[in-house]
Amino acid sequence: MDHAPLIEENELWEAGYRAVGGIDEAGRGPLAGPVVAACVILPAGVEIDGIYDSKRLTHKRREAMFHIIKQKAWAIGVGRVDVDIIEKINILNATRNAMELAVKSCTMEPDYILVDAVELTNVDIPQKVIIKGDNLSQSIAAASIVAKVLRDREMERWHSIYPQYGFDRHKGYGTKQHIEAIAQYGLCPIHRKSFSEKFVKG
């Protein structure tokens with residue numbers, strides 16, 4: 001089978017949990033844009049080929065898997081936290097908030113959650129935090145794809161408003177092109193000032 005493993009999910013399904021939610025985020029590291037998280041509940045016992053950590057997939061493959069996940073998932077929830085909140089509470093807390101919002105907005109309440117790297121402190125659901133979970137859990141990998149696709153689409157929309165930064169290409173990450181654009185044009189409203197100010201001409 002060609003997908004991230006289901007070892008964690010299988011153990012939970014065998015223990016009697018049915019609605020196992022995988023949770024991951026996109027946008028923790030960029031210089032601009034929101035952090036977006038997803039919670040995905042896949043059908044118990046079902047393996048879906050092609051679901052991997054979103055970073056291992058091409059843009060075209062991510063889009064294809066996004067549609068498959070939407071068709072096959074029992075439930076999906078999405079949370080996002082904007083730049084102004086990221087600046088106030090820091091990126092780790094913003095990531096946690098986005099993940100918790102994803103769980104709370106899920107169209108089915110999970111009875112257990114598998115979370116990539118971050119413990120959720122405001123969710124009253126049993127959880128397991130898995131380091132590099134998007135490589136070790138199909139549910140987390142599915143969430144990583146959903147979060148990445150939705151965030152990338154948002155950054156492409158921001159490109160139409162601020163085309164000088166090239167958000168359609170780098171999605172807000174600190175590429176050479178992006179840093180050069182910040183040095184030339186300064187920061188725009190979706191830049192994370194605490195991340196980006198060192199690249200602004202003084």
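The values are calculated or read from the model by the stated rules, or taken from the named source; none is laboratory data. Note that the structure is predicted; figures quoted are calculated from it, not measured. Every residue, glycine as well, gets a Cβ built from its backbone with ideal geometry; the counts of neighbours run over all protein chains shown.
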Review point. So residue 118 fits all but one of (1) crowded, with 23+ Cβ neighbours inside 10 Å; (2) in contact with a helix residue (DSSP H, G or I) (Cβ under 9 Å, 6 or more places away or on another chain); what number is the exception?
Key: (1)
Point to revise | Among the residues listed as 104, 88, 70, the single one being within 20 Å of residue 47 (Cβ to Cβ) and surrounded by fewer than 18 Cβ atoms within 10 Å (Cβ to Cβ) | key: 70
Point to revise | Candidate set: region 149-201, residues that are modelled with pLDDT of 95 or more and of a type in the set (Val, Ile, Thr); chosen: the one nearest to the chain's Cα centre (by Cα) | key: 149
Exercise for review: Run down 113, 140, 145 and say which single residue is in a strand (DSSP E or B) and touching a residue at least 60 places away in the same chain (Cβ under 8 Å).
Suggested key: 113
Review point. Quick check: is even one residue across region 6-17 surrounded by 15 or more Cβ atoms within 10 Å (Cβ to Cβ) and not in a helix (DSSP H, G or I)?
Key: yes
